[in-house]
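Report on one structure; see the data block that follows.
The values are calculated or read from the model by the stated rules, or taken from the named source; none is laboratory data. All of these numbers come straight from a predicted model, not from anything done at the bench. What goes into the accessible areas is simple: the full protein's heavy atoms, side chains included, and nothing from ligands, DNA or RNA. Shrake-Rupley method; radii C 1.70, N 1.55, O 1.52, S 1.80 Å.
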Amino acid sequence: MPSSEFGNDNVMSSPGLEDVKSPRIQRVFDYWAALRRDRPFPAWPDVKLMDIYDVAPFLAVLDVEDENGAARFRYRFCGTTLVEARSSLAPADPTGRWLDEIAWPFDPAPLLVACAKVVNLRKPGLLAAGEVNESAYHLHERGFFPLGSSDDAVSQIIVCVDETRAA
């Protein structure tokens with residue numbers, strides 16, 4: 001399994017996404033890169049979920065909030081496929097809640113680390129299938145894409161989650 005890489009000096013390449021297997025994550029990256037143009041990342045108002053309606057059910061949008069100098073992540077949006085996957089958890093729809101305070105069927109630490117890296121490095125990243133200790137029957141890739149209205153601060157992260165088959 002390839003390890004995740006965050007960041008790349010070549011801003012026109014797909015930083016950390018060269019090993020992506022999910023066409024959905026690749027679709028979000030291509031959309032994100034088109035919106036970004038020559039900026040480090042696009043802003044949330046640039047994103048129109050209807051432009052990527054085919055992958056929107058697999059997306060979450062997290063607001064990045066400062067809490068005593070550390071980034072904390074709150075759900076702004078959670079797509080229907082992700083909510084359905086959480087149907088056995090309470091709440092199924094985490095919108096408005098903190099990433100680190102909702103129930104998970106696995107240890108969410110890799111998700112929190114990935115989000116923090118995206119904020120700190122201001123570049124997209126990937127958690128490959130198997131990097132989150134989840135069921136061997138349902139492995140997921142996760143792509144993380146920074147958003148922000150200024151070039152120096154990430155204010156939101158788009159997360160695309162897609163099931164992959166074990167190799």
request  = Could you tell me the distance between the Cα centroids of segment 65-122 and segment 29-53, to the nearest Å?
outcome  = 21
key: With DNA, RNA and ligands ignored, accessible area of Asp162 (1.4 Å probe; Å², nearest 10)   = 10
remark   = So, relative contact order of the chain in percent, Cα under 8 Å, 6 or more apart, is 29
Structure-derived log10 I(q)/I(0) by the Debye sum over Cα atoms at q = 0.08, 0.15, 0.16 Å⁻¹: which label, when the choices are (1) -0.38, -0.83, -0.92; (2) -0.21, -0.78, -0.90; (3) -0.24, -0.81, -0.91 = (2)
request  = Report the relative contact order of segment 42-101, percent, no decimals, based on alpha-carbon pairs under 8 angstrom and at least 6 residues apart.
outcome  = 28
ask   = If you roll a 1.4 Å probe over the heavy atoms of the protein chains, what accessible area per residue do you get for the chain, in Å²?
value = 51
Carbon and sulfur %, accessible surface of the chain computed with the full protein complex present, 1.4 Å = 52
